[in-house]
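What follows is calculated from the coordinates using simple rules that are stated; it is not laboratory data. These numbers come from a predicted model, not from an experiment. Virtual Cβ from ideal backbone geometry, glycine too; neighbours counted across all protein chains shown.
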Amino acid sequence: MEGLKGRGAEEYMRGQLTTLEEMAQRLNTPTEAIAGKLDSLLAEVEAQRKRIERLERGLASAPGAAQLLEKASNVEGIRLLVSQVEAPSQEALRYLGDAVRKGLGSGAAVLGAAIDGRPYFLALVTPDLTSRLHAGRLLQAVAAITGGGGGGRPELAQGGGKDVAKLAEALEATPGILREMLETAD
């Protein structure tokens with residue numbers, strides 16, 4: 001910023017003071033207390049973020065994960081869970097994936113959710129199957145049906161798409177995609 005003097009400096013300071021007064025009014029606090037009010041609001045936002053995270057984690061580890069595991073089927077000798085789930089965020093979808101992984105034993109899972117009007121996916125493969133199956137490649141093939149993609153490690157991948165209307169179609173195609181992957185791996 002270049003130096004100001006005279007009338008330019010006065011106008012600049014008046015503008016800054018006006019901005020400060022508007023902020024104080026919007027925060028419903030005196031101008032000299034704006035910094036403290038801002039610190040308080042930031043602390044409150046952080047506390048709410050942590051609370052939401054705890055709630056999402058709790059929802060994911062609730063009995064819903066056990067009920068999901070009951071839907072698992074057998075595809076070419078591999079236990080496969082494919083399900084469209086309710087998840088308010090990508091983080092909640094990951095928490096649900098963690099809960100599913102704990103109860104899955106040996107197998108693979110692809111979870112899909114509509115989050116903010118877009119399809120999101122999480123794929124996981126238990127470590128004993130990663131020599132035959134790669135979660136990242138599985139997820140890429142599933143997400144491609146919705147016009148998206150993703151990737152990750154052999155045991156965990158996440159991604160999304162563009163067309164939420166094709167979410168169910170992508171999930172329904174998962175067993176066939178898994179079969180194809182297993183055939184090419186042999």
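At a glance:
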{"item": "For K50, K37, K166, order by how many other beta-carbon atoms lie within 10 Å, fewest first", "result": "K50, K37, K166"}
{"item": "Euclidean distance between Cα centres, region 94-153 to region 1-52, Å", "result": "45 Å"}
{"item": "Cβ crowding within 10 Å averaged over residues, with 129-140, 24-35 ranked highest first", "result": "129-140, 24-35"}
{"item": "³J(HN,Hα) computed for each position of region 144-157 - Karplus, 6.51 cos²θ - 1.76 cosθ + 1.60, integer Hz, glycine/proline x", "result": "4, 4, 9, x, x, x, x, x, x, 8, x, 9, 8, 8"}
{"item": "Least to most buried among V75, V82 (fewest other Cβ within 10 Å first)", "result": "V75, V82"}
{"item": "Pairwise label distance in nanometres, D163 with M23, each label 7 Å out on the Cα-Cβ vector", "result": "4.7 nm"}
{"item": "Computed E for E91/R7 - FRET, C-beta separation, R0 30 angstrom, nearest 0.05", "result": "0.05"}
{"item": "Label point distance in nm, E46-D116, each placed 7 Å from Cα along Cα→Cβ", "result": "2.3 nm"}
{"item": "FRET efficiency estimate (nearest 0.05) - Cβ-Cβ, Q84 to S106, R0 22 angstrom", "result": "0.40"}
{"item": "Value of [θ]222 nm, deg cm²/dmol, for the chain, DSSP H segments ≥ 4, -39500 (n - 2.57) each, nearest 500", "result": "-18000 deg cm²/dmol"}
{"item": "Simple spin-label estimate for E172 and I34 in nanometres, 7 Å along Cα-Cβ", "result": "5.7 nm"}
{"item": "Karplus-derived 3J(HN,Hα), 6.51/-1.76/1.60, for each residue of region 17-31, Hz, glycine and proline x", "result": "5, 4, 4, 4, 5, 5, 4, 4, 5, 5, 8, 6, 8, x, 4"}
{"item": "Ordering of 103-112, 89-98 by burial proxy (mean other Cβ atoms within 10 Å per residue, highest first)", "result": "103-112, 89-98"}
